[in-house]
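Asker: Below are the structure tokens for one structure; questions will follow.
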Amino acid sequence: MSRRPKRPVPGWLKSRHPLYPPIQPARSELSFCAWTEVSTIGHYHESRIPTPIRHMRTAMQQRNTQEPKHFIFVRRSGQLANRLVLSANFVAFVEEYGHCLVNVAFHRYAHLFLGTSRDLLCRYPIPASRHAWDPISVASRVVRATGIFYRTARLAGTLHDRHRLFGGHAVTLREDGRSPTTLLKSIDVQSQIARARLIFVQGWNFRAPDLVERHAEKIRQYFQPVQEIDQRSKKLLAHLRDRADVVVGVHVRHGDYREFLDGRFFFPASRYAAWMSEFVAQFAGQRVAFLVCSNEPRNRQEFPGLDVDFGSEVAAVDLHALAGCDYIFGPQSTFSQWASFVGKAPVFHVSDAKTPLDRSRFRISYFAEIPGIHWPTA
């Protein structure tokens, strides 16, 4: 049987092929975390590969194996709270091991938080020098609104999957479909990323709850709300604090939860009112008030006999107002998980309409659970 003839080495591949000497780029010190700042590159003639992606590949070829790995999300994961929870797990992971996170998939919400609003690439750790476009407000807004960096990163991940564009310097990290959670400290994940300098991340069930708990303060500091959000959320709580000893946040998730998992976690307002009355009875002699946050309009008639105020119906404001409460309860959701974590407020998630509300079962969340998929009862 005759051997198949060897395919010729593509021109762009010669830069990393063992039979060819490496081609040095024109700029000697190139960090992946600043790849969009590169204005010149070496003598590549690869018209079919977008310029920013060539910059990324060149940067990876220059990395020293002892330098940090760079994780970049190439798939968006749901809305605000989902992305916060995923980001927090990776922030904890890169903080623990000295790596770098490039979170361009977070652009839609970057302006809401101090850490992400300061850097166009939403990097962690925050670099000492800002991106060249950051001081130009118009450019920053356009980049975030169009998602051009995210689209470039996603295209780079796709090209690498199909053509191994970055060779052994990169790998795509996907969630484990056999398990409800993919633990970042697992042997499987560690073996996948061991030799790579650039890791394209796809999926959202990646978790590292022990690292989140260990680095909780740094995560909270990075995701501090900007001043406007902070002031509006505190204003929501101020009146409740004046007239109550205990303030309880109630997350009434309607809207999309009518359909999510066939309405498994959709509970009528009357059931929430019953839970609230049940909770008041556990604080004998104390004044208990409730902040009800929902993704649908609510009214006081739904909560008779209870001291109630309502959220702003602006997700980021309500999220941080819930975080300022003494206790939080609601259905399984990353929204109340994040509020619990960032505000150090004990939370309890009701799994069905028959679940009793027991004060002793409230705990601060460190994201070990995944709504509707993995929710340990212990």
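Asker: Using R₀ = 51 Å, calculate the FRET efficiency as 1/(1 + (r/R₀)^6) where r is the Cβ-Cβ separation of residue 243 and residue 138; round to 0.05.
Answerer: The value I calculate is 0.65.
Asker: Separate question: Given axes a ≥ b ≥ c from the Cα gyration tensor, I'd like to know whether segment 279-358 is rounded (a/c under 1.5), prolate (a/b larger than b/c) or oblate.
Answerer: rounded
Asker: Rank the residues 370, 199, 126, 328 as a footprinting-exposure proxy: fewest other Cβ atoms within 10 Å of their Cβ go first.
Answerer: 126, 370, 199, 328
Asker: Which aspartates and glutamates have a Cα lying under 15 Å from the Cα of residue 235, excluding residues fewer than 8 positions away in the same chain?
Answerer: Here the aspartates and glutamates satisfying the reach criterion relative to residue 235 are 309, 313, 318.
Asker: Still on this structure, please answer the following. So if R0 is 22 Å, what FRET efficiency would residue 351 and residue 108 give, r being the distance between their Cβ atoms, rounded to the nearest 0.05?
Answerer: 0.15
Asker: For the peptides 341-350, 210-219, what is the packing order when you average, over each peptide's residues, the other Cβ atoms within 10 Å and list the highest mean first?
Answerer: 341-350, 210-219
Asker: How long are the semi-axes of the equivalent ellipsoid of segment 227-361, defined as square roots of 5 times the Cα gyration tensor eigenvalues? Whole Å, largest first.
Answerer: For segment 227-361, the ellipsoid semi-axes come out as 20, 18, 14 Å.
Asker: For 239, 254, 169, what's the fewest-to-most ordering of other Cβ within 10 Å of each Cβ?
Answerer: 239, 254, 169
Asker: So, one more: Contour minus end-to-end for residue 300 and residue 364, with contour as 0.36 nm per residue of separation and end-to-end as the Cα-Cα distance?
Answerer: Result: 20.2 nm gained on full extension.
Asker: If you don't mind, there's one more thing I want to ask. If I stretch the segment between residue 158 and residue 283 completely, what's the gain in nm (0.36 nm per residue apart, minus their alpha carbon distance), one decimal?
Answerer: Computed gain between residue 158 and residue 283 is 39.5 nm.
Asker: Please list the non-local residues whose amide H lies under 5 Å from the amide H of residue 364, H modeled 1.01 Å from N, same-chain partners needing a gap of 5 or more.
Answerer: Result for residue 364 returns 347.
Asker: How would 293, 122, 100 line up from fewest to most surrounding beta-carbon atoms within 10 angstrom?
Answerer: Neighbour counts put them in this order, fewest first: 100, 122, 293.
Each reported figure results from applying straightforward, stated rules to the coordinates on display, with no laboratory input. Keep in mind it's a predicted model, so treat the numbers as computed, not measured. All Cβ positions, glycine included, derive from the backbone under ideal geometry; neighbour counts span all protein chains shown.
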